[in-house]
Amino acid sequence: MRRKNRIVDLFPLLLFLIFTLSALGVVIYSVQIYQHIVETAEGSFDVDTSVYYITEKLRNHDADGSIKVGDFKGNQAVILEDNVAGVPYVTYIYAYDGYLRELYAEREETESMIADSGTRILEITEFDIKKISDDLLLLGFTSANGDHSEAYISVRSKGGDSE
């Protein structure tokens with residue numbers, strides 16, 4: 001009779017232990033799922049924001065011949081030209097050293113600048129630009145975690161020739 005009482009006394013403790021371990025397993029699994037979702041969202045955020053950023057820049061500079069595809073210090077770049085009070089300015093948007101960068105300066109000053117001169121915008125490892133036609137560009141972005149996105153951007157005015 002005494003032996004039966006020990007098993008009866010231990011049964012609630014074993015049941016509580018099993019419940020606790022199950023709850024802990026569910027929490028650990030949920031944390032792993034949450035971390036994966038956050039990492040995926042961060043990569044998508046950088047890529048999507050890059051697309052929106054460049055699209056808006058192109059829309060603001062959409063004048064005849066002011067949007068070009070070219071090169072800045074060995075990196076593919078979108079080149080946006082402005083003329084402020086008779087002085088030619090240029091904006092280069094390009095990827096360098098793991099970041100999408102933007103450099104805005106007088107055209108003459110850009111010759112002496114290096115690729116690291118641009119302001120860091122977003123963490124992007126690759127930025128590809130293809131001019132499909134005079135009024136259509138294909139932009140490709142790859143984030144630091146490997147997410148890739150492409151966007152076709154139509155410009156209303158005819159773009160300039162590649163540099």
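The values are calculated or read from the model by the stated rules, or taken from the named source; none is laboratory data. Bear in mind the structure is a predicted one, so any value in this text is a computation, not a measurement. Here the Cβ is made from the backbone with ideal geometry for all residues, glycine too, and neighbour counts use every protein chain on show.
At-a-glance table
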item: Any hit, region 42-59, residues being in a helix (DSSP H, G or I) and farther than 30 Å from T91 by Cβ; result: no
item: For T91: the one exception among (1) assigned to a helix (DSSP H, G or I); (2) modelled with pLDDT of 90 or more; (3) polar (S, T, N, Q); result: (1)
item: Residue selected from region 8-21 under the condition surrounded by 10 or more Cβ atoms within 10 Å (Cβ to Cβ) and of a type outside the set (A, V, I, L, M), by the criterion modelled with the lowest pLDDT; result: F11
item: Close pairs (6 angstrom Cβ cut-off, 6 or more residues apart or separate chains): assigned to a loop (DSSP other than H, G, I, E, B) in region 142-163, modelled with pLDDT under 75 anywhere; result: N145/G43; D147/G43; D147/S44; S157/D64; G160/G65
item: D62 among the acidic types (D, E), touching a residue at least 24 places away in the same chain (Cβ under 8 Å) and within 21 Å of A95 (Cα to Cα); result: no
item: Subset of region 43-59 [more than 15 Å from D135 (Cα to Cα) and exposed (fewer than 15 other Cβ atoms within 10 Å of the Cβ)]; result: S44, F45, Y52, E56
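The rows are residues; the columns are (1) under 24 Å from A63 (Cβ atoms); (2) among the charged types (D, E, K, R); (3) more than 13 Å from the chain's Cα centre (by Cα).
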| residue | (1), (2), (3) |
| --- | --- |
| D82 | yes, yes, yes |
| A85 | yes, no, yes |
| V90 | yes, no, yes |
| A105 | yes, no, yes |
| E108 | yes, yes, yes |
| I114 | no, no, yes |
| L122 | no, no, no |
